[in-house]
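First up is the structure itself, then whatever we jot down about it.
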Amino acid sequence: MSTDVFEVSDLTLLWDVDRELLKRLRIPIMVAGFKITGNAATYYLKESIEDAERAFRLYSHFFPPVTTVDGDKFAIIHEELWFSRTKHLYIYRGEGTERLQGYRGVLSPDASAFLYKYAMNLVRICKDLGIREIYTLGSVTPVRYEGAVHVAFYSDSHKKIPEGARRIERRGVDAFFIEGEDALLPGFASASGIECYTLMAEERHFLDLRASITALEAFREMSGIDIDMEKVRKIAKSDIEQFEKRIKEYQRRLMDSSSATTGTGERHRIGSSIYL
């Protein structure tokens, strides 16, 4: 029995597949999801691909001290890079950084510095593996919902945007604000010669998982990767229904809370927490 103790530093990387083998595969495209919408999209995509294999796991003591659950197994929170030989595609799931800002509130200078180091190291790995295009998937809450996907280009690419999508262009005050890993990874990667794009689907409400599907559809069209969207929707169906049920219940509780008052004018304390 091994007496070694597993340790986690600021960036601890464990490869599941020989790195040199991956380099020989010459897989050109990576899709990444960091915030909730993108993370869900990459999960549904990974689950829909039969030959998806895990390339590495990334741990960090900057990630929140929580565990994740897969079936009946618990694990320290981490991020994963997956790949498909048949699709010629890498899939990155940023589950640790997804929770970083929400867990800590406003980012501390140390956490902000970590995100820069984290993004630069991911770019080094992408360059080493021969990745030529990176897509990050996310969402945005618009002033008026129109169901569009907003695409940010990080280099002078002439790639055609998906039908119905809108290319983000700076005109005075930016219409959308891209932050965190969705901005840093493409920013460093494009400066290093990798074509990068951020695809943000409009949400109808907070945690609209249908936006994950919309973003994936846009990625499929823009990248040319063959994705079985019917299979993706089937995998996501249960999650979407459960989340929308919880959203409706949450909204109902808020309405009940706003209208419920005591005889002295004080509001009743009605539980309105929602566990998503």
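What the table shows:
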{"read-out": "Where V151 falls short, out of the listed (1) part of a loop (DSSP other than H, G, I, E, B); (2) surrounded by 13 or more Cβ atoms within 10 Å (Cβ to Cβ)", "value": "(1)"}
{"read-out": "2 or more residues at pLDDT 90 or above and surrounded by 14 or more Cβ atoms within 10 Å (Cβ to Cβ): qualifying helices (runs of 4 or more DSSP H) within segment 36-145", "value": "36-48, 109-129"}
{"read-out": "Test set (1) surrounded by 18 or more Cβ atoms within 10 Å (Cβ to Cβ); (2) of a type in the set (G, A, S); (3) in a helix (DSSP H, G or I) - S238 fails condition number", "value": "(1)"}
{"read-out": "Of the criteria (1) outside any helix (DSSP H, G or I); (2) surrounded by 15 or more Cβ atoms within 10 Å (Cβ to Cβ); (3) not small (G, A, S), which one F243 fails", "value": "(1)"}
{"read-out": "Residue within segment 14-25 that is within 20 Å of the chain's Cα centre (by Cα) and surrounded by 13 or more Cβ atoms within 10 Å (Cβ to Cβ) present", "value": "no"}
{"read-out": "Yes/no for E221 being in a helix (DSSP H, G or I) and more than 15 Å from the chain's Cα centre (by Cα)", "value": "yes"}
{"read-out": "Matching entry among K23, K46 (being of a type outside the set (A, V, I, L, M) and farther than 24 Å from T198 by Cβ)", "value": "K23"}
{"read-out": "D156, sole failed condition from (1) farther than 25 Å from D51 by Cα; (2) at pLDDT 85 or above; (3) under 18 Å from the mean Cα position of the chain (by Cα); (4) not small (G, A, S)", "value": "(3)"}
{"read-out": "Some residue of segment 192-203 being modelled with pLDDT of 90 or more, part of a helix (DSSP H, G or I), of a type outside the set (V, I, T) and buried (at least 17 other Cβ atoms within 10 Å of the Cβ)", "value": "no"}
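The values are calculated or read from the model by the stated rules, or taken from the named source; none is laboratory data. In this text the structure is predicted, and so the values were computed from the model without any measurement. No Cβ is skipped: glycine too gets one built from the backbone with ideal geometry, and neighbour counts run over all protein chains shown.
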